[in-house]
1. To the nearest 10 degrees, how steep is helix 2-17 against the longest Cα principal axis of the chain, on a 0 to 90 scale?
2. Could you grab the relative contact order for the chain? Cα pairs under 8 Å, six or more apart, rounded to a whole percent.
3. What do you get for the angle between helix 19-39 and the principal long axis of the chain? Use alpha-carbon atoms, 0 to 90 degrees, nearest ten.
4. Rounded to whole Å, give me the distance from the Cα center of segment 256-274 to that of segment 53-86.
5. Whole number please: convex hull volume per residue of the Cα set in segment 52-189, in Å³?
6. So, with +1 on the Cβ of K and R and -1 on the Cβ of D and E, and no other charges, what is the size of the charge dipole of segment 52-189 about its Cα centre, to the nearest 20 debye?
7. Arrange the peptides 121-129, 144-152 so that the one whose residues have, on average, the most other Cβ atoms within 10 Å appears first.
8. Tell me the volume per residue, in Å³, of the convex hull enclosing the alpha carbons of the chain.
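Taken together, the values in this text are just the output of simple stated rules run on the coordinates, not laboratory data. Everything quoted here is computed from the prediction, not taken from an experiment. With ideal geometry, Cβ positions are generated from the backbone for all residues, glycine too; neighbour counts draw on all protein chains shown.
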Amino acid sequence: MIRILDIALKDLMQLSRDFKTFMFLLIMPIIFTFLFGYAFGGFGGGDADSRLPVGYLSQDDHWVTDTLHDLLTESQVIRLDENIFLSAADYEKLVADGDLAAVIIVPDGYGRAVLKGRTARLTVIGDTSTSAWTTVEAELLSLASRLDGAVRTASIIEQVNVEGIPFDYAFEKSLSAWDEPPISIEETTSLALEKSSNDSALAHTAPGMMLQFAIAGLLTAAQVIVSERKSRTMERLLTTATQRVHIVLGHYLAIFLLIFTQFLILITFAQLALHVDYLRVPSATLLVALSAALCISALGLLIGILARTEEQAIIFSLIPMFVFAGLGGAWVPLEVTGPTFQAIGHLSPVAWGMDGFENIVARGLGFESVLLPAAALVGYALFFFGLAVLRFRKLEM
């Protein structure tokens, strides 16, 4: 056991001398987390107006028309786009260019017609083949019917001469009654998901970049093993009481400590600075980080044993980084791909690491949700470690 710790300590001291590389492995994941997070809307944009832009042009000067305008302004579905310098033809062009979902034109005499109970028509220009048109039409019909109903109710009350209820009062009460309908639908979000859904982009990019650059860190660790072989340090070790199993486990322990430390630092940074809630279930996060570190460390050990030169170590490290990260959903969530690509993607250990971390920080799931991803990562770790041991046994010193 002492020999294993000595070899691991020797590797860590050698890695610590390359401070620039160590900082690269910490700074680059942070930079790319910000880059991908910003690209996928993780920073800002949360208060953007999602209502459909609709042009509005009024040719009528009447208080009923003003009331319709107020109702449209308060709509949660459409957003009025008004410009007194634009004509009906200008608005029609904006609709044709796709800048507006539709345009509402209120003709002269609309307010008087509504007040007298006559048929009142609005002119609406839009592309009737789109879903946006259906939405705008439904909202406009609803608001116009609400206005017409309030006018008719107030007119009836005025005609029957109800004492103490003038037209204006009855109209306002009838119109405001729609604000509290007898039946309403209220949408709620589970408390477990509400917090994580706010930063869904960062909840994906933070673990994705962490896993990707953990594999990139194997470059330095693998070069240590290659350098030890080229300098015949490993050969001299075998002339002592040190056995091959000690060398393998010592190098593996050093790579594991490097990767696991990188994980802990990046998880702490994401929790404190980016508010990615890794600590919502600390034990689950720790299990996934531990399993991923075991897997990636075993891959690094295999690369170091397979590579004969520093150049091969670079190639053998970069290829898994890009292939595993791309297939495993570190760049783009596998959920947006088809079932075939998702199945292929889970051939990558990165996909299982992403599943584990995202189950915690993005999907709001509990400890049980990370057991399968952790088991898959441990399985990959045993597979890579087994290949490394078999190759090391046949290695000529």
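1. Result, in degrees: 60.
2. It comes to 19 percent, rounded to a whole number.
3. That works out to roughly 20 degrees.
4. 53
5. It is 130 Å³ per residue.
6. Values: 9 positive and 24 negative charges, 112 e Å.
Using only the charged Cβ atoms, the result is roughly 540 debye.
7. Details: 121-129: 13.7, 144-152: 17.8.
Output ranking for 121-129, 144-152: 144-152, 121-129.
8. Details: hull volume 75.6 nm³, N = 397.
Cα-based convex hull of the chain, divided per residue, equals 191 Å³.
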